[in-house]
Amino acid sequence: MSMSLSFLRFSCSSHSISPSLSHLPPQLPNSRASHFVFCRYRRTHIACSSSSIRRRLCKLRSFSSLSGASEFDSISQRSHDEEEDDEQQIRTRASNEDEVDDDEEDEQEFISSYVFPERWDVLGLGQAMVDFSGTVDDEFLENLGLEKGTRRLVNHEERGRVLQAMDGCSYKAAAGGSLSNTLVALARLGGRSLREPAINVAMAGSVASDLLGGFYREKLRRANVQFLSVPIKDATTGTVIVLTTPDAHRTMLAYQGTSSTVNFDTSLASAVSKTNILVVEGYLFELPDTIRTITKACMVARSNGALVAVTASDVSCIERHFDHFWEIIGNYADLIFANVDEARALCNLDAKESPVSVAKYLSQFVPLVSVTDGIKGSYIGVKGEAVYIPPTPCVPVDTCGAGDAYASGILYGVLRGMSDVRSIGTIAAKVASTVVAQQGTRLRISDAVKLAESFAFQLNASSTV
């Protein structure tokens, strides 16, 4: 059975979401109605029309498819000497990573003449944190009392203790974060094409005017992602220590720094009002009082004709901020990116629920849902139905960043005006497999160029009015 599914968010009811959802939203009616209500929890004060969305978002078409825990440890006061000790370790590592790699050299000529566009194709709003990534063994984790495969927030002293234990180990610094991985991949996929206009990508977040803040902004700039937020004075930039064991399990320790507040200032308001897709990173819900900024950003984006995408980010993050997630998803979200565990957490379902059923269920509340399931493939949910996307074969080297790359493929397909769900998912799977087959989380320039060229035929075949 085939059906035509409209990806228009404005066919919605007058119900508004409760500011507190302690339970799963109720089951919606049959999703096969010709004018299905995408989300009963949708606000009705959106001023723009569906025709303006089509004009502003590269002629977004209708889709056709086949059926088929711990709380934050408050940042303690630190002495000047303690800060200097950490900064010295960080400065040494960051300076070692500050050499321009081949991909960055390839981008320099293009960036040197870069002029900000009138509108951004994608603006990411998320945590701006520097990653320190290294390989350790299980004994290292046990000695520090760390649970393998988890992600938790740490304070300044804990970060210093781990960095000190890593002294002598091989690790590297990078402008990290799940969202930045997606944005960099998207910018590289959508750059310098003779057939299509470049995809303009920017990010907003919170960094300090310190060494790490400068390092982060420069690394993104070299990757053709413009960081728009003004650095915060007299503050420290957040970091994430990523410890990978030989069995590929990652243990992440996030230090939010003192620049962790994201305010909805005039700079952010201006950027949000001039974007076609706003991507909100789920990790942002961890920051103090950020729900207010996220809400304002989504309201402004929607009132100016933009789509809103949300990355689920992490199961524990969803569990801690479940109500806030649904406040944004229910009222504003048009796209959701999640792996199967995160999707289950969003739906408050247990592990026995299959990925396809989770994708179907979640897509009754959000127009387009992508649910990845590792080497088993992925599902794209639309209007209560789900399309299976098989994985693209590859020899896996490093699975870190696969989901981020997958999200960039979805965004790329949407921005290029693709109308077929399966084709969009296939593009996303190919981008993800390319990243999995390499060491590191970032899509390389050379691979991005090859992928974009291979997608040209699919774009022409799929983009029917």
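The values are calculated or read from the model by the stated rules, or taken from the named source; none is laboratory data. The shown structure was predicted, so the numbers you read here are calculated from the model rather than taken from an experiment. Here the Cβ positions follow ideal geometry from the backbone for every residue, glycine too, while neighbour counts run over all protein chains shown. Surface accessibility is based on the protein's heavy atoms, side chains included, excluding ligands, DNA and RNA. Shrake-Rupley method; radii C 1.70, N 1.55, O 1.52, S 1.80 Å.
Structure notes:
- Accessible area of residue 285 in the full protein assembly, 1.4 Å probe (Å², nearest 10): 10
- Its relative contact order, with pairs defined as Cα atoms under 8 Å and 6+ residues apart, puts the range 235-325 at 26 percent.
- Exposure ranking of 324, 249, 156 by accessible area [1.4 Å probe, largest first]: 249, 324, 156
- Summed residue charge, Cβ within 9 Å of residue 245's Cβ, Lys/Arg positive, Asp/Glu negative: -1
- Rounded, prolate or oblate (a/c below 1.5 giving rounded, otherwise prolate when a/b exceeds b/c) for the range 120-181 by Cα gyration tensor: prolate
- Taking the range 303-454 and dividing mean pair separation by its residue count, relative contact order in percent (alpha carbons under 8 Å, at least six apart): 17
- Rounded to whole numbers, the Karplus 3J(HN,Hα) couplings from phi for the range 215-221 are 4, 5, 4, 5, 4, 5, 4 Hz, using 6.51 cos²θ - 1.76 cosθ + 1.60 with θ = phi - 60°, and x at Gly and Pro.
- Taking 7 Å steps out from each Cα toward its Cβ at residue 144 and residue 211 produces label points 1.9 nm apart.
- Applying 1/(1 + (r/R0)^6) with r as the Cβ-Cβ distance of residue 115 and residue 135 and R0 = 51 angstrom yields a FRET efficiency of 0.80.
- Remark: accessible surface ordering of 327, 142 (largest first) is 142, 327, probe radius 1.4 Å.
- Estimated FRET transfer efficiency (residue 394, residue 169; beta-carbon r; R0 45 Å; 0.05): 0.95
- Accessible area of the range 124-261 divided out per residue, in Å², using a probe of 1.4 angstrom: 37
- The share of accessible area on the range 259-382 that comes from carbon and sulfur is 50 percent, using a 1.4 angstrom probe.
- Shape class of the range 215-274 from the Cα gyration tensor (axes a ≥ b ≥ c, square roots of the eigenvalues): prolate, since a/c reaches 1.5 or more and a/b is larger than b/c.
- Probe 1.4 Å, all protein chains present, accessible-area order of 360, 376, 383, 296, largest first: 376, 296, 360, 383
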